[in-house]
Amino acid sequence: MNKQEVILCEGLANSLERAVGQCPHDKLFILTDECTHRLCLPLLKDVEAVRGAAEIVIAPGDAHKNLATLASVWQVLSDGGATRHSLLLNLGGGMVTDLGGFAASTFKRGIAYINLPTTLLAMVDAAVGGKTGINFNGLKNEIGAFSPAASVLIETEFLRSLDAHNFFSGYAEMLKHGLISTPEHWAELLTFDTECIDYGRLKQMVGRSVQVKENIVREDPLERGIRKALNLGHTVGHAFESLALAEERPVLHGYAVAWGLVCELYLSFRKTGFPKERMQQTVHFIRQNYGVFPFDCKSYDRLYELMQHDKKNTAGVINFTLLKDIGEIAINQTADRDGIFEAFDFYREVMGI
Ligand SMILES: NC(=O)c1ccc[n+]([C@@H]2O[C@H](COP(=O)([O-])OP(=O)(O)OC[C@H]3O[C@@H](n4cnc5c(N)ncnc54)[C@H](O)[C@@H]3O)[C@@H](O)[C@H]2O)c1
Ligand SMILES: [Zn+2]
């Protein structure tokens, strides 16, 4: 996979001029959803390099990350005279960067694209790492390709209009990056004032967070080994996400991951010796900022079943990424039914349900 450049913007206009300049093109298209068209596109109004670009606007939300929307993007590209040498700029959250990245990677067998993520989740996760795709046949990210952006520009100014729920959803992935990297990065995340956000400081932390994902993806672009570190919190998190959806009380992905981290840090404590105090500090932060996803012991079997059917598992054996300590990653760990139920008990006790 080609290398993708991640740039921490020091002045959006300059960074964007440079990034667009590095991608010689005959025509530029900008993809937004209705929301980022209204809130984020105006921030580009003084950027010379994007003046006169053709706009493509799609409906917001993961429910629209589908074939019909993809086809509508292809249609505008085709009708708008896009060629193999055209350039697509994706301005939006993970929905836009996933779908736009896939549209670019398939149009005329692939045109260049730049990601300009506007949610915290997209900055530290979705827009970086080269995975693109859409949902299909009721399945998340069923169709897609590994196809990196030419560059990814990080500008935290966009986050000023983001709501608190989407902020915390992205912050959960940052917490995960803290846990799999260094005690310093983990500690700065736990002590950051999330009520009165210092955007300058946040930008530096986002920079470090992206670096964590970048380093891991560079080492293992196709998820054969260490990239599984990025699944921390997600084995249980995906089960929470699915249960919540089935019970018609959906939760944002990052919230499910945060609650998943509570269970998986407990498993790490029990199985790979993760320090108890660090587990408690992290759990405290999660309880304070994410509240609780309530469930009782009648849901244990259902959650266990959901974990067995997760596409990352083979033959029903549940695969975890656990930690021996912060930054000390143990991939390909397993836990049996009793061990997992014990983690659910811990979650319910510590979260006060
Ligand atoms: N490719 C990957 O590696 C990867 C990793 C994680 C997640 N994802 C995908 O990312 C998607 C989720 O991303 P997301 O959480 O960014 O969701 P999203 O793109 O749906 O954005 C959430 C909401 O915030 C709005 N929004 C975006 N930027 C805003 C801003 N600056 N101010 C105000 N509102 C804004 C959007 O219009 C949308 O309504 C999912 O489809 C998921 O599958 C992909
Ligand atoms: Zn995630």
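The values are calculated or read from the model by the stated rules, or taken from the named source; none is laboratory data. Every value quoted in this text rests on a predicted model; they were computed, and no experiment measured them. A quick note on method: Cβ atoms are made from the backbone with ideal geometry, for glycine too, and the neighbour counts reach across all protein chains shown. Quick note on the areas: whole protein, heavy atoms, side chains included, nothing else; ligands and nucleic acids left out. Shrake-Rupley method; radii C 1.70, N 1.55, O 1.52, S 1.80 Å.
Just a few scattered comments:
- Rounded to whole numbers, the Karplus 3J(HN,Hα) couplings from phi for the range 278-283 are 5, 4, 5, 4, 5, 4 Hz, using 6.51 cos²θ - 1.76 cosθ + 1.60 with θ = phi - 60°, and x at Gly and Pro.
- Cα coordinate range in the chain, projected on the principal axes (Å, largest first): 59, 41, 35
- Dividing the convex hull volume of the alpha-carbon atoms in the range 237-310 by its residue count gives 95 Å³ per residue.
- Angle between the chain longest axis and helix 67-79 axis [Cα atoms, degrees, rounded to 10]: 20 degrees
- Seen through its C-alpha gyration tensor, with square-root eigenvalues sorted a ≥ b ≥ c, the range 131-265 comes out rounded because a/c lies under 1.5.
- Per DSSP, loop trypsin sites (Lys or Arg not before Pro) in the range 260-353 with at most 16 further Cβ within 10 Å: Lys311, Lys312
- 0 to 90° range, to nearest 10: angle between helix 164-179 axis and the chain longest Cα axis: 70 degrees
- Distance between modelled label sites at Gln280 and Phe136, nm, 7 Å Cα→Cβ extension: 5.0 nm
- Sequence-separation-based contact order of the range 5-161, relative, with Cα cut under 8 Å and 6+ spacing, percent: 27 percent
- Rounded tilt (10° steps) of 234-246 against the dominant C-alpha axis of the chain: 80 degrees
- Share antiparallel - DSSP beta bridges, the chain, percent rounded to 5: 35 percent
- Rg over Rh for the range 5-161 works out to 0.92, both radii taken from alpha-carbon positions and Rh defined as the Kirkwood radius.
- Rounded to the nearest 20 debye, the dipole magnitude of the range 164-350 is 340 debye, with +1 charges on Lys and Arg beta carbons, -1 on Asp and Glu beta carbons, and the Cα centre as origin.
- Net charge in the neighbourhood of Lys3 (other residues with Cβ under 11 Å of its Cβ; Lys, Arg +1, Asp, Glu -1) is -1.
- Between the range 83-143 and the range 273-339, the alpha-carbon centres lie 29 Å apart.
- Amide hydrogen proximity for Thr118: with H placed 1.01 Å from N in the peptide plane, the residues at 5 or more positions away or on another chain lying under 5 Å are Gly92, Gly93.
- Mean separation of Cα contacts under 8 Å, 6 or more apart, over the residue count of the chain: relative contact order %: 14 percent
- Each residue was assigned an accessible area with a 1.4 Å probe, and for Glu223 the value is about 40 Å².
- Computed over the range 164-350: relative contact order in percent, which uses C-alpha pairs under 8 Å that are six or more apart: 26 percent
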